[in-house]
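The block underneath contains the structure these notes are about, expressed in structure tokens.
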Amino acid sequence: MSDQLKNAIRDVPDFPIKGILFKDITPILQDPKLFRLAVDTLADRHAGKNLKAVVGIDARGFIFAGAVAYKLGIGFIPVRKKGKLPWKTVVTSYTLEYGSETSEMHIDALAKGDNVVIVDDLLATGGTAMAAATLVNNLGGKIVEIDFLIELAFLKGRERLKDYPVFSALAY
Ligand code: AMP
């Protein structure tokens, strides 16, 4: 089952910069059966849980997180890169392999004690997901799990996220 998803992922060397092997998920999105399989794999594990929303990470995370929220019948909360959200936000900055990035979430996206899952397409070093977790924590939300379609296990992002349950559908 996960072999089908793995076989569809396209490895693109040296994108967006030299030395990065980019995991291109667009062939999964193009295939309705595989897209559904990917969404179901991320969503079905949370069926029946008392979740308020799925927190999706800008930008490829939105593709899966929105569908997971729809399937679970719960809300969707976007975490966006700086300057994109129109209302008042909570903000956090984090370092990437090259440079730094700032993420934002609307201050009224969550109420204290709301249970959420965070969803992104891929776990690399964990910095991006950690920033989303920080924003959820700032608003008093409870992180039930952080979910990824793909995990690059050799980058040890899971260690950075050790305070939270982490699930990935496919590991490399
Ligand atoms: P990180 O913060 O290092 O865990 O990086 C994760 C974020 O960067 C995710 O939102 C991914 O979409 C993107 N990303 C990092 N490395 C790759 C890769 N090799 N292929 C595709 N996307 C990647």
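When both bridge partners sit in the chain, DSSP labels roughly 35% of those beta bridges antiparallel.
In the chain, the DSSP-assigned H stretches of four residues or longer account for a calculated mean residue ellipticity at 222 nm of -8500 deg cm²/dmol, using -39500 (n - 2.57) per stretch and the full residue count as denominator.
Taken about its Cα centre, the chain carries a charge dipole of roughly 300 debye when the Cβ of each Lys and Arg holds +1 and the Cβ of each Asp and Glu holds -1. Taking a ≥ b ≥ c as the square roots of the eigenvalues of the alpha carbon gyration tensor, the stretch 32-73 is oblate, as a/c is not under 1.5 and a/b does not beat b/c. Here the label points at Ala111 and Lys88, each 7 Å from Cα along the C-beta direction, are separated by 1.8 nm in the simple model. Only protein heavy atoms count here; on that basis, with a 1.4 Å probe, Leu161 has an accessible area of about 0 Å². Here the mean projected area of the convex hull built on the C-alpha positions of the stretch 48-171 is 7.2 nm². Each of Asn50, Gln30, Ser168 was placed along the dipole of the chain (beta-carbon charges, centred on the mean Cα), and the one lying farthest toward the positive end is Asn50. About its Cα centre, the stretch 71-172 has a charge dipole of approximately 220 debye under the convention of +1 per Lys or Arg Cβ and -1 per Asp or Glu Cβ, with nothing else charged.
A simple count of charges around Tyr70, restricted to other residues whose Cβ falls under 14 Å of its Cβ and scoring Lys, Arg +1 and Asp, Glu -1, yields 0.
The values are calculated or read from the model by the stated rules, or taken from the named source; none is laboratory data. Computed from a predicted model, the values in this text were never measured in an experiment. Backbone-built Cβ (ideal geometry, glycine too); neighbour counts: all protein chains shown. The protein model used for the area step is the full one, side chains on, heavy atoms only, and it has no ligands, DNA or RNA in it. Shrake-Rupley method; radii C 1.70, N 1.55, O 1.52, S 1.80 Å.
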